[in-house]
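Student: Quick one: the structure is below, and I'll ask about it shortly.
The values are calculated or read from the model by the stated rules, or taken from the named source; none is laboratory data. Every value quoted in this text rests on a predicted model; they were computed, and no experiment measured them. Don't worry about glycine lacking a Cβ; one is built from the backbone with ideal geometry, like all the others, and counts go over all protein chains shown. The protein model used for the area step is the full one, side chains on, heavy atoms only, and it has no ligands, DNA or RNA in it. Shrake-Rupley method; radii C 1.70, N 1.55, O 1.52, S 1.80 Å.
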Amino acid sequence: MRLVLDTSALFSMRDLPLDAEIYTTPGVISELERYGDSRARYWEHALRTSDPVSDSLRMIKKAAEKTGDISRLSQTDLEVLALAKDLGATILTDDYSIQNLARYLGIEYKAVGLVGIKRLVKWKLRCTGCGRTWEERHPECPVCGSPLRTSRSRK
Ligand SMILES: [Zn+2]
């Protein structure tokens, strides 16, 4: 199986599936790094990173404008979709807009919980300034503006 993983997928997994060729884009890796996620470095060897070809990216963008998903998709999201198209791969994502556009384009996708990855882990973001924790991703702490770091939830 060939998979393309987006940021939401990587964010909610502790381990990568071993029985698949796993791809992602350089943009996803830098998003993980921006969240101080040390797993990005750890996974570097298991993840194949590749940029989509620009024709596919243009085509994906056009389709996103048509479906209206464009306003909810980042450049990185569009690249993930385009790469999956290039590789004939299945997208692993929990992002609803990516799923929606994938369905529209006939690109296969799966939510993280549906691929038999049992050891799901809840990651939280802890603020390095005020110490508050956040369930959702933010570029920085919404309260004090300090950088956030990932930490495992104890739940
Ligand atoms: Zn804070």
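Student: Scanning region 9-20 for residues that are touching a residue at least 60 places away in the same chain (Cβ under 8 Å) and in contact with a Leu (Cβ under 9 Å, 6 or more places away or on another chain), which turns out most open to solvent (accessible area, probe 1.4 Å)?
Tutor: The selected residue is ARG14.
Student: Taking GLU33 as the residue in question, decide whether it is surrounded by 19 or more Cβ atoms within 10 Å (Cβ to Cβ) and either on the phi > 0 side of the Ramachandran plot or assigned to a helix (DSSP H, G or I) (or both).
Tutor: No, not satisfied.
Student: Right, next: LEU114: at pLDDT below 90 and either buried (at least 16 other Cβ atoms within 10 Å of the Cβ) or near the ligand (Cβ under 9 Å from one of its atoms) (or both), yes or no? Let's see the steps before the verdict.
Tutor: Numbers: at pLDDT below 90: yes; either buried (at least 16 other Cβ atoms within 10 Å of the Cβ) or near the ligand (Cβ under 9 Å from one of its atoms) (or both): no.
Spelling it out, it is not the case that LEU114 is at pLDDT below 90 and either buried (at least 16 other Cβ atoms within 10 Å of the Cβ) or near the ligand (Cβ under 9 Å from one of its atoms) (or both).
Student: Could you look through region 65-103, keep only residues that are among the acidic types (Asp, Glu) and in contact with a helix residue (DSSP H, G or I) (Cβ under 7 Å, 6 or more places away or on another chain), and pick out the one that is most open to solvent (accessible area, probe 1.4 Å)?
Tutor: First, pick out the residues of region 65-103 that are among the acidic types (Asp, Glu): 65, 69, 77, 79, 86, 94-95.
This time we only want the ones that are in contact with a helix residue (DSSP H, G or I) (Cβ under 7 Å, 6 or more places away or on another chain), so: 69, 77, 79, 86, 94-95.
Values: ASP69: 1, ASP77: 20, GLU79: 31, ASP86: 62, ASP94: 77, ASP95: 38 Å².
Top of the filtered list is ASP94.
Student: Among the residues of region 130-146, write down those that are part of a loop (DSSP other than H, G, I, E, B) and more than 9 Å from the ligand (Cβ to nearest atom).
Tutor: Residues of region 130-146 that are part of a loop (DSSP other than H, G, I, E, B), as a first pass: 130-132, 135-146.
Of everything in region 130-146, those that are part of a loop (DSSP other than H, G, I, E, B) and more than 9 Å from the ligand (Cβ to nearest atom) turn out to be GLU135, GLU136, ARG137, HIS138, PRO139.
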